[in-house]
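Following: one structure in structure tokens, then a few remarks.
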Amino acid sequence: MTRVKICGLTNLEDALVAIAAGADLLGFVFYAKSPRGVTAAQAAPIIQEIRRRPYGQGAVQIVGLFVDAPLHEMQETILACQLDLVQLHGGEPPHRLEQLAPRAYKALRPTSVDEAAAEAEWYADLGPPAGPQLLLDAFHPQLYGGSGRLGDWALAAGLAPRYRILLAGGLTPDNVRQAVRQVRPWGVDVSSGVEAAPGRKDPEKVRRFVAEAKQAFDRGAQ
């Protein structure tokens, strides 16, 4: 079944809605320029509360998103927030993933099929053994995720048979079923597509998104 990551979480209420809906991964953005950005001090108590609850023990993975952050800063945040996975969303070189192994995987924002294929070869084998190898997002010249731009599903479909891909970029409750059927990714990632406002999730959109993604291949589903 397709995994679902709800990203850009900023509060406990939205995190609990995502868990109850059936999300597999919860994403926190440690990037100050993002409207969904949080600090380690803000995220840690939210994550601690999730861990205390029975359905948070091993049921979901906590992901920290970073953009060209210093290594020591990421390591400190990993420890403070007990992150399971680290998503590198900037221009980080392959050796940065090795320094954060076995937690880190790379987000790609390719502008062409050739660029996507080359970057996948550089980064995929450095990803965590029990998680996504890559995230494929839509390219935006200024924004690192959360842009709402639709990703290139044909490009993603070419890579999905070879790699464990998290598909991102413009996904919503209305199009995620089609995306899953076309791309067949390891998982899907959403942030702005289930928001009521930047940094605040719409509970009904979260529930619909998770259901649509996970039911994409149910027998008889239209």
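The values are calculated or read from the model by the stated rules, or taken from the named source; none is laboratory data. A quick note: this is a predicted structure, and the numbers were derived from the prediction, not measured. Counting neighbours? That spans all protein chains shown, and the Cβs are built from the backbone with ideal geometry, glycine included.
When Leu150, Leu97 are checked against the criterion of being modelled with pLDDT of 95 or more and either under 27 Å from Gly22 (Cβ atoms) or outside any loop (DSSP other than H, G, I, E, B) (or both), a single residue qualifies: Leu97.
Based on this model, can you work out whether Arg177 counts as in contact with an Asp or Glu (Cβ under 7 Å, 6 or more places away or on another chain) and part of a helix (DSSP H, G or I)? Against the criterion (in contact with an Asp or Glu (Cβ under 7 Å, 6 or more places away or on another chain) and part of a helix (DSSP H, G or I)), Arg177 qualifies. Could you list all residues from the stretch 40-90 that are of a type in the set (S, T, N, Q), more than 12 Å from Leu100 (Cα to Cα) and assigned to a strand (DSSP E or B)? Across the stretch 40-90, the qualifying residue is only Gln61. What are the residues in the stretch 1-16 that are surrounded by 21 or more Cβ atoms within 10 Å (Cβ to Cβ) and outside any loop (DSSP other than H, G, I, E, B), if any? Val4, Lys5, Ile6, Asp14, Ala15, listed by residue number.
Being among the hydrophobic types (A, V, I, L, M, F, W, C), more than 19 Å from Val29 (Cα to Cα), at pLDDT 95 or above and not in a loop (DSSP other than H, G, I, E, B) is the requirement here; does Ala118 meet it?
Details: among the hydrophobic types (A, V, I, L, M, F, W, C): yes; more than 19 Å from Val29 (Cα to Cα): yes; at pLDDT 95 or above: yes; not in a loop (DSSP other than H, G, I, E, B): yes.
The answer is yes for Ala118.
So for the stretch 43-53 (the condition being closer than 25 Å to Val206 by Cα and in contact with a strand residue (DSSP E or B) (Cβ under 6 Å, 6 or more places away or on another chain)), does at least one residue qualify?
Looking through the stretch 43-53, at least one residue is closer than 25 Å to Val206 by Cα and in contact with a strand residue (DSSP E or B) (Cβ under 6 Å, 6 or more places away or on another chain).
Taking first residues from the stretch 75-99 that are at positive phi and partners that are assigned to a helix (DSSP H, G or I) and among the β-branched types (Val, Ile, Thr), the Cβ contacts under 8 Å between residues at least 6 apart in sequence or on separate chains come to Gln82/Ile47. The residue pairs whose first member lies in the stretch 103-123 and is surrounded by 14 or more Cβ atoms within 10 Å (Cβ to Cβ), whose second member is among the aromatic types (Phe, Trp, Tyr) and modelled with pLDDT under 95, and whose beta carbons are closer than 7 Å, counting only pairs six or more residues apart or on different chains, are Arg109/Phe139; Pro110/Phe139.
Here is a yes/no grid of residues against (1) part of a helix (DSSP H, G or I); (2) surrounded by fewer than 16 Cβ atoms within 10 Å (Cβ to Cβ):
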{"residue": "Arg181", "(1), (2)": "yes, yes"}
{"residue": "Pro185", "(1), (2)": "no, no"}
{"residue": "Asp189", "(1), (2)": "no, no"}
{"residue": "Lys205", "(1), (2)": "yes, no"}
{"residue": "Val210", "(1), (2)": "yes, no"}
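Scanning the stretch 48-84 for residues that are farther than 18 Å from Val4 by Cα and crowded, with 18+ Cβ neighbours inside 10 Å gives Phe66, Val67, Ala69, Met74, Thr77, Ile78, Cys81. As a summary of the residue check, Ala107 satisfies the conditions (1) under 28 Å from Ala43 (Cα atoms); (2) in a loop (DSSP other than H, G, I, E, B) except for the one numbered (2). Of the residues making up the stretch 193-206, those that are modelled with pLDDT of 95 or more, farther than 12 Å from Ala15 by Cα and not hydrophobic (A, V, I, L, M, F, W, C) are Gly193, Glu195, Glu204, Lys205.
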